[in-house]
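Structure record follows, encoded as structure tokens.
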Amino acid sequence: MSASADIAVIGLAVMGQNLILNMNDHGFRVIAYNRSAEKTDAFLDGPARNTQITGAGTLQELVAALSTPRKIMLMVKAGPAVDTVIDELVPLLDKGDIIIDGGNSNFEDSERRASSLGAQGLLFVGSGVSGGEEGARHGPSLMPGGHKAAWPHLKPIFQSIAAKTDAGEPCCDWVGDGGAGHYVKMIHNGIEYGDMQLICEAYHFMQSALGLDNAAMQATFAQWNQGYLDSYLIEITADILGFRDGDTYVVDTIMDKAGQKGTGKWTGINALELGIPLTLIGEAVFARALSALKDERVAASAILKGPSNAPAELADAWIEALGQALYAAKIISYTQGYMLMRAAAEEYGWDLQYGAIAQMWRGGCIIRSAFLDDIKAAYDKSPELDNLLLDDFFRDRIHETQESWRRIVSEAVSRGIPVPALSSALSFYDGYRCARLPANLLQAQRDYFGAHTYQRLGGDDSWHHTDWIGSGSTVSSSSYDA
Ligand code: 6PG
């Protein structure tokens, strides 16, 4: 075999296979490898028949078939399997060769891999890949980061196979050093959790407060998808609500217990680490955790009562307010996600391009939506924008929609319908626009019981301690922030 293949892909589960087929469609010569040779053979005899795609039986064969610098993309399960494959590959490679991890890896693992491979003269790229099977096959959103020297070699392949915006721009660009690519994919997934939870809260409200059936809800989501809520997740929600098996709506047969693979949780953990109030995504993760307590909830439902008077169903006119509430909360979710990315850029030394990130998410990925054009426009206008809410466009949208948002949240609360994402987003908004929060009292409490000290309004930055109980003690504990 001559050393002429452009790229190798290791791991032939559906994402790996579809990426290979996509690369082949764009004229790249791809070599496929899977640990079990039968899987490689089945792929070559099946979906890859009559293409330029070739297979390798061993990693040695794979390495020998690649042009240099070699580009090897791993599409294996995130976690230890990635390290195992890297360890097997390293002795076979030469300096300057490129290893790409396209799984949903934790960005801290990608930081570690970039640094250890870099020390051995190899280039590591951790790339977010979003869009599921369809995206991988016909145009995913790709978020590569790591050793920038790898980018000129990967760019033609990645930008060809990526989804394109309506203007023809690729939904793929270089994100930044180390684990930046996987970090941005993690934020994408956190936002995905938030968007999904908001839609589920709207669904719950439509059922419980408006009494809509599946057909009416399907029509509402389909209609929303024609307007300012236009997005992939709203579109598939309409499809799901209309999907029947005979006379039965499939959605009604599904157990109300949400699973999770961990990326939303990582986003929440990182927000706690960096001290960013990522409340909506945090609530979305906790809502999945609460849903998973199915047996406990069923038992509690027979014991714990909600509001005593069941209110009459609301009129359909509330649907418009619900759409506006969803939109307002979505603005908060993205605001919080971007706040976290800014803090991460500072903490980890990345030069994140926020408008480019919105463009990467504009097509191909799960959170793709018309809304991302407005985010891109905001950052194109002011790349240093402190907070999305302070952009004129989003400020005006929040001002226009907040009354409906408040009405929906109050109505849900008075009816006992849980709306953790819609309501926590509203509390964040009210907190963020509050020049004076009650944290003065909190600081007083900390100082009272623990001599933790406080700063004074209008004073300098110095720290003070009050002898609250007249013990005469002026000894304070040392000040520090977690
Ligand atoms: C994507 C998705 C993808 C995956 C999620 C599911 O961007 O294509 O985010 O990565 O479907 O990881 O995550 P949960 O299993 O945690 O819901």
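The values are calculated or read from the model by the stated rules, or taken from the named source; none is laboratory data. Keep in mind that what you see is a predicted model, and the values were worked out from it rather than measured. Ideal geometry is used to build each Cβ from the backbone, glycine not excepted, and the neighbour counts take in all protein chains shown. To get the accessible areas, we keep the full protein, side chains included, count just its heavy atoms, and leave off ligands, DNA and RNA. Shrake-Rupley method; radii C 1.70, N 1.55, O 1.52, S 1.80 Å.
Brief remarks follow.
- Using a Förster distance of 35 Å, the FRET efficiency for ASP392-ARG297 (Cβ separation, nearest 0.05): 0.20
- For segment 450-464 versus segment 371-431, the gap between their alpha-carbon centres in whole angstrom: 33
- The gain in end-to-end length when the SER36 to LYS155 segment is fully stretched comes to 39.8 nm, 0.36 nm per residue minus the alpha carbon separation.
- Taking segment 7-69 and dividing mean pair separation by its residue count, relative contact order in percent (alpha carbons under 8 Å, at least six apart): 35
- Per atom type, the chain shows carbon and sulfur on 52% of its accessible surface, probed at 1.4 Å.
- FRET efficiency estimate (nearest 0.05) - Cβ-Cβ, VAL475 to ASP94, R0 56 angstrom: 0.35
- Calculated log₁₀ intensity ratio I(q)/I(0) where the Debye formula runs over C-alpha points of the chain, q = 0.09, 0.10, 0.11 Å⁻¹: -0.72, -0.85, -0.99
- Cα Rg over Rh - segment 1-114, Kirkwood: 0.94
- Cα centroid of segment 94-135 to Cα centroid of segment 241-310, whole Å: 32
- When Rg and the Kirkwood Rh are both derived from Cα coordinates, the Rg/Rh ratio for segment 221-271 amounts to 1.13.
- Sequence-distant residues sharing a close amide H with LYS71 (under 5 Å, placed H): ALA8, ILE98
- Dimensionless Rg/Rh of segment 361-482 - Kirkwood Rh, Rg from C-alpha atoms: 1.14
- Pairs from LYS71/LYS381; LYS164/LYS376; LYS39/LYS95; LYS305/LYS330 whose Cα-Cα separation, in the structure shown, is over 25 Å: LYS71/LYS381; LYS39/LYS95; LYS305/LYS330
- Annotation: extensible slack from THR84 through ALA317 equals 78.2 nm (criterion: 0.36 nm per residue apart, minus Cα-Cα distance).
- Compared with the alpha-carbon gap, the fully stretched path from THR51 to ALA444 is longer by 134.4 nm at 0.36 nm per residue.
- Ellipticity estimate at 222 nm from DSSP helix runs (n ≥ 4, -39,500 (n - 2.57)) divided over the chain, nearest 500: -16500 deg cm²/dmol
- Electrostatic bookkeeping for ALA377 treats Lys and Arg as +1 and Asp and Glu as -1; over the other residues with beta carbon under 11 Å from its beta carbon, the sum is -3.
- Taking amide H as placed 1.01 Å from N in the peptide plane, LEU212 has its amide H under 5 Å from the amide H of GLN207, each at least 5 places away in sequence or on another chain.
- Segment 380-420 - Rg and Dmax from Cα coordinates, angstrom: 14.6, 43
- Average accessible area per residue (Å²) across segment 102-208 - probe 1.4 Å, nucleic acids and ligands excluded: 31
- Nearby aspartates and glutamates by direct alpha-carbon distance to LYS77 (threshold 12 angstrom, same-chain neighbours under 8 apart not counted): ASP101
- Other residues with beta-carbon under 9 Å from the beta-carbon of LEU274 carry, at +1 per Lys or Arg and -1 per Asp or Glu, a net charge of -3.
- Here is the P(r) of segment 1-65: all C-alpha pair distances, binned every 10 Å from 0, give 24, 61, 14 in whole percents.
- Between LYS305 and SER67, the C-beta separation translates, for a Förster distance of 56 Å, into a calculated FRET efficiency of about 0.20.
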